[in-house]
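For reference, the structure is listed below as structure tokens.
Where a number appears in this text, it was derived from the coordinates with a stated rule and is not lab data. On a predicted model such as this, the values are computed, not experimentally measured, just so you know. We place every Cβ from the backbone using ideal geometry, glycine too, and count neighbours over all the protein chains shown.
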Amino acid sequence: MNDVLPDKSPLWEFFEDTVRDVFRRYGYRNIRTPIVERTELFVRGVGEVTDIVEKEMYSFTDAMNGDQLSLRPEGTAPTVRAALEHNLLYNGPQRLWYSGPLFRHERPQKGRYRQYHTFGAEVLGLAGPDVDIELLLMARRLWQELGIGGVQLQINTIGSANERRAFREQLIHYFESHAELLDEDATRRLHTNPLRILDSKNPQMQEMIEAAPRLIDALGEASRTNFEAVQAGLREAGVPYTVNPRLVRGLDYYNLTVFEWLNDRLGAQSAICSGGRYDGLFEQLGGKPTPGCGFGIGVERTLLLLEESKIELRSAPDAYIAHNGEGAAQFAMQAAELLRDQGLAVTLDCSGGGFKSQMKKADGSGAHYAVIIGVDEVAAQQVSVKPLREAAEQTRCTLADAAAMLINTVDSKRG
């Protein structure tokens, strides 16, 4: 679990602002759910025989009432729980987004921490391939707006629950015939969740897994037609993709379309966005049959790609106010507030040092300008404005003129 220090925050803020803006343009509204939920929510929703529930959740017993609680390991089940609890779909389908920390007790590595952050988008109450396509188009727009290149889309269909149950028997029979090649995890999953074996990263099992039966070959006409419609929509929109028949996702609530956005510059942890359709989750959590589809973006992994892009982000103030002498502190406070009223970012020196010390701090702050207030400026009710990032003359003027000058020049530099 990591601290995000002030020198890293501008990149986070740029990412967060960009994602919120794209979500807004697609008509998604924000929902905020608790970090702590009942453990049962994830057992029923995510699946009891999954890595998350079996060994990754941070779970504990509430000392007050004995409830079994967990820090949320993912965002979809809490969103559906909230939709059911508050009857959010009473007036029709919902497009929702959320952000915040998630928690999984797993081995930390590059781009993977025990507390990590996500931005998720969920569409509740809309069936059909159009929604799947919209989510994928929205994700593509995000990579474009963020300036991240080299992102590849992989998609698959895992059909309906009934089709997977029938296919499960084929898989069990196949893997039993190769039992000597199964590792400990695969052996444990063989009779509980054999589809998850297909997602194994064990290099010694890859050849055997590649030769396993393919779920897509066992699907009925409806599932195949749906998947073809998703692919046709992506082709029409000019979105390159690869069909990966081994992509099954690690959460039990998925059905039909599943997908991942990958970037090979991240090594083993190459997925920056994952999701799919989960039309059975509402029923699993006690609701009526309701379609759903969504994705989650791994913030830390995406930021690793943004860092490589060398995006120039400025967190320095527009102006730094240095002051000294009788009445200067009070006038400087007034000047700072007036400049802030105009939308400028202003740092007011509160060190009590002399002008030389304060000007050194002004330069070190990265500010575009120093606004200087001494006894002469107080007497004239004016300020002196000194450019710090270019060779230009210091100017004495009224506060209103100083504000106008700073706004014009700062806006031009930002542009």
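Summary of computed values
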| quantity | calculated |
| --- | --- |
| Label assignment, Cα extents along the principal axes in Å derived from the structure, set (i) 90, 56, 49; (ii) 138, 53, 46; (iii) 61, 44, 43 | (i) |
| Loop-located trypsin sites (Lys or Arg not before Pro) in the stretch 344-415 whose Cβ has at most 15 other Cβ within 10 Å (DSSP) | Arg389 |
| Shape metrics for the stretch 92-153, restricted to C-alpha atoms - Rg then Dmax, Å | 14.7, 42 |
| Trypsin sites (Lys or Arg not before Pro) within the stretch 145-210: DSSP coil, no more than 15 neighbouring Cβ in 10 Å | Lys201 |
| Relative contact order computed over the chain (Cα-Cα under 8 Å; 6+ residues apart), in percent | 15 |
| Charge-dipole axis of the chain as Lys and Arg at +1 and Asp and Glu at -1 on Cβ define it, positive-most pick from Ile372, Tyr116, His86 | Ile372 |
| Pairwise FRET efficiency - Thr187 versus Tyr58, Cβ, R0 = 35 Å, nearest 0.05 | 0.85 |
| Check: the stretch 319-414 dipole with +1 on Lys, Arg Cβ and -1 on Asp, Glu Cβ, in debye | 340 |
| Residues Tyr90 and Gln334, FRET efficiency given R0 of 41 Å [Cβ-Cβ distance, rounded to 0.05] | 0.20 |
| Percentage, to the nearest whole number, of Cα pairs in the stretch 237-396 over 26 Å apart | 56 |
